[in-house]
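Below: one structure, written as structure tokens.
The values are calculated or read from the model by the stated rules, or taken from the named source; none is laboratory data. Computed from a predicted structure; not experimentally measured. Neighbour counts run over all protein chains shown; Cβ positions are idealised from the backbone, glycine included. Just so you know, the surface numbers come from the protein's heavy atoms only, side chains and all, with ligands and any DNA or RNA stripped out. Shrake-Rupley method; radii C 1.70, N 1.55, O 1.52, S 1.80 Å.
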Amino acid sequence: MRSWYTKKGSIVTRVISNKGNVFLVDYRGKKILVDSGHKSMNSILLKTLKDLQVDKLDGLVLTHAHYDHTGNANTIFNRYGCDVFVHKNEVNLIARGINAKGKGTTPAMRLMMFLYGALHLKKMQLDPVNPSIHVDNIYKIKNFGPNTYLMHTPGHSDGSLSFIVDGEIAIVGDILFGASKTSVFPILASDLAMVKWSWKKLLNSGCSFFLPGHGDLIERSKIQKELQG
Ligand SMILES: [Zn+2]
Ligand SMILES: [Zn+2]
């Protein structure tokens, strides 16, 4: 389990890394979970949170409506009874347990989506939950640092969100892909042009690095290089 610290006193811990990252953000004892992981990680997630002595959560942020991020949303809500933060474009999808649509962005992914994708996304149900907080462009998180907020970063899906922690670390869901050596471009996208527009927003947030929904930390320079190329 890896943790990152901001100068303002927040701790970001990656609690699950298999089949999709789940992060816990702690600021002076206030705790928010970002994403809930794949359904098959259910008992591991609950046990890990128990081991970390998380007995109260102040919120669950769902970066977007894909089954590998919302697979245990209802479980977390039932266990902790916390607020659930979702972008307004994906509230209905998450409440009904439906995956957001997207197209493959690499030849291999396009072929896979063509052959199995739509069916796969239809079959992989989310763990439906009723979001209590509907986020628009920017949403300031109460009781956290002044520079901690949610920001709309569409492109992977229409309602993708990023969680900016103290203006230093961004947890970005799938708008950046960290599991490939060659590119940080997401392998699935609802709007190709919006992806790069959202990357510029993320760079403008001033964060020094980005924690994606899959794979490892991404530096600013990697995004800047791909924006120029
Ligand atoms: Zn996704
Ligand atoms: Zn994902």
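Looking at the range 46-57, can you tell me whether even one residue there is open to solvent by 20 Å² or more (accessible area, probe 1.4 Å) and closer than 24 Å to residue 136 by Cβ? Among the residues of the range 46-57, not one is open to solvent by 20 Å² or more (accessible area, probe 1.4 Å) and closer than 24 Å to residue 136 by Cβ, which makes the answer no.
Scanning the range 13-44 for residues that are surrounded by 23 or more Cβ atoms within 10 Å (Cβ to Cβ), of a type in the set (A, V, I, L, M) and free of Cβ contacts under 8 Å to residues at least 40 places away in the same chain gives 15, 22. Based on what the data block shows, is residue 148 open to solvent by 30 Å² or more (accessible area, probe 1.4 Å) and among the β-branched types (Val, Ile, Thr)? The answer is no for residue 148.
Any residue in the range 43-58 that is within 16 Å of ligand 1 (Cβ to nearest atom) and modelled with pLDDT of 95 or more?
The first filter runs over the range 43-58 and keeps only residues within 16 Å of ligand 1 (Cβ to nearest atom), leaving none.
Looking through the range 43-58, none of the residues is within 16 Å of ligand 1 (Cβ to nearest atom) and modelled with pLDDT of 95 or more.
When the test is whether a residue is closer than 18 Å to residue 153 by Cβ and assigned to a strand (DSSP E or B), residue 25 passes it.
Do you know which of the residues in the range 106-126 that are open to solvent by 20 Å² or more (accessible area, probe 1.4 Å) and in a loop (DSSP other than H, G, I, E, B) is modelled with the lowest pLDDT? Give the derivation first.
Residues of the range 106-126 that are open to solvent by 20 Å² or more (accessible area, probe 1.4 Å), as a first pass: 106-116, 118-125.
Still in the running and in a loop (DSSP other than H, G, I, E, B): 106, 124-125.
On the way: 106: 85, 124: 72, 125: 68.
Here the answer is 125.
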